[in-house]
Amino acid sequence: MPSKKRNGPMSAKKSKGVPFSHRMENRSRLSVIISVQQDEKTIRQVIRQVERLLPKEIVIIMHGSQDHSVDIVLQSTLYDRTCLIYPFPLGDDLWRSIGAKEVTGDVWLFLSGDWVIQAEDLVPFVRACYQGIDIALRKEEAPNVLPGTVTLAKSYINSLLDQKQLGLSSMCELPLAITKHAANSIGLDHLFTPPLAQVIAIEKGLRIETVQHFLKEANQGRQKGRDSQSRMRQLTSLGDHMEAVAYWNERDKTGQ
């Protein structure tokens, strides 16, 4: 069973570099959801950058952490936040559905606790949703090496759905911003399977656009643990893409 804790009042600390008007809008509209797993080296900095956005709320989903991540998250009392703690790993995406059912804002920003991104680089994702985009994806550039099967699956999904302008971009990748309206239209439980969520979003005519590209500098300790299970993760991701393709093909057969 998850445990839940709310910390103290929101900090009034000034956020340099993030436009004042954007921060004021964030205070009433933005919810940030962060997945934390074995991220003691980065989570403090991740939260610090998120706080610079002055969001309405921060929801942290901690799962399977055996390091000091829990202590680090619960020590801070500078900002109102909700922390759900699971003693076991939830996988790459289940936390999205869990967090989505906790937030109250009308724009949601999903982040990973192993990647420190400057607040200024998160602003475009949120601003896109404020300006009418339903889902803002991270822009993915074509790799310099032969693409892997998961990368090809992402490209195939976008091509199948006549969304070639999205290239390799996918709801599988973070950061990801989505409006509450779009998430409810897709179905919160479907956020657990990002390729399927993306197909449903296209089916419902939601507006999806890419925002920007930047290189990921992951928590190396966590990355090593992931590499040891990379084969299983690839198979799971391919299965998710196959489920999305099957959903789309069935839709075409029924003429819906």
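Every residue, every condition in (1) crowded, with 16+ Cβ neighbours inside 10 Å; (2) closer than 21 Å to Q45 by Cα, yes or no:
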{"residue": "V103", "(1), (2)": "yes, no"}
{"residue": "V107", "(1), (2)": "yes, no"}
{"residue": "L111", "(1), (2)": "yes, yes"}
{"residue": "D114", "(1), (2)": "yes, yes"}
{"residue": "V126", "(1), (2)": "yes, yes"}
{"residue": "I135", "(1), (2)": "yes, no"}
{"residue": "G148", "(1), (2)": "no, no"}
{"residue": "A153", "(1), (2)": "yes, no"}
{"residue": "I157", "(1), (2)": "yes, no"}
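Hey, can you tell me all the residues within the range 104-123 that are assigned to a loop (DSSP other than H, G, I, E, B) and out of contact with any helix residue (DSSP H, G or I) (no Cβ under 8 Å at 6 or more places or on another chain)? Let's see the steps before the verdict.
Within the range 104-123, the first condition is being assigned to a loop (DSSP other than H, G, I, E, B), and the residues that meet it are 104-106, 113-118.
Selection gives T104 alone.
Only residues that are modelled with pLDDT under 95 and hydrophobic (A, V, I, L, M, F, W, C) were counted in the range 118-148, giving 3. Confirm whether S65 is out of contact with any Lys or Arg (no Cβ under 8 Å at 6 or more places or on another chain), among the hydroxyl-bearing types (S, T, Y) and either assigned to a helix (DSSP H, G or I) or in contact (Cβ under 8 Å) with a residue 40 or more places away in the chain (or both). It is false that S65 is out of contact with any Lys or Arg (no Cβ under 8 Å at 6 or more places or on another chain), among the hydroxyl-bearing types (S, T, Y) and either assigned to a helix (DSSP H, G or I) or in contact (Cβ under 8 Å) with a residue 40 or more places away in the chain (or both). The residues listed here are K139, K154; of these, the one that is on the phi < 0 side of the Ramachandran plot, in a helix (DSSP H, G or I) and either in contact with a strand residue (DSSP E or B) (Cβ under 8 Å, 6 or more places away or on another chain) or of a type outside the set (D, E) (or both) is K154. With respect to S28, is the statement that it is modelled with pLDDT of 90 or more and surrounded by 19 or more Cβ atoms within 10 Å (Cβ to Cβ) true? Criteria not met by S28.
Yes/no matrix, rows are residues, columns are (1) among the hydrophobic types (A, V, I, L, M, F, W, C); (2) touching a Pro at 6+ places or on another chain (Cβ under 7 Å):
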| site | (1), (2) |
| --- | --- |
| V107 | yes, no |
| I117 | yes, yes |
| K139 | no, no |
| A182 | yes, no |
| I208 | yes, no |
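Against the condition crowded, with 20+ Cβ neighbours inside 10 Å, hydrophobic (A, V, I, L, M, F, W, C) and more than 15 Å from L174 (Cβ to Cβ), how does I58 come out, does it pass? Taking the combined requirement at face value, the residue satisfies it. Exactly one residue among T210, T193 is polar (S, T, N, Q), at pLDDT 90 or above and surrounded by fewer than 21 Cβ atoms within 10 Å (Cβ to Cβ), and that residue is T210.
Among residues of the range 78-101 that are under 26 Å from S170 (Cα atoms) and assigned to a loop (DSSP other than H, G, I, E, B), those with a beta-carbon under 8 Å from a residue that is β-branched (V, I, T) and at pLDDT 95 or above at least six positions away or on a different chain give the pairs L90/I61; L90/I98; D93/T193. Annotation for the range 76-88: no member residue is crowded, with 19+ Cβ neighbours inside 10 Å and in contact with a Cys (Cβ under 8 Å, 6 or more places away or on another chain).
The values are calculated or read from the model by the stated rules, or taken from the named source; none is laboratory data. Because the structure is predicted, anything quoted here is derived from the model rather than measured. Using ideal geometry, Cβ is built from the backbone for each residue, glycine included, and neighbour counts are taken over all protein chains shown.
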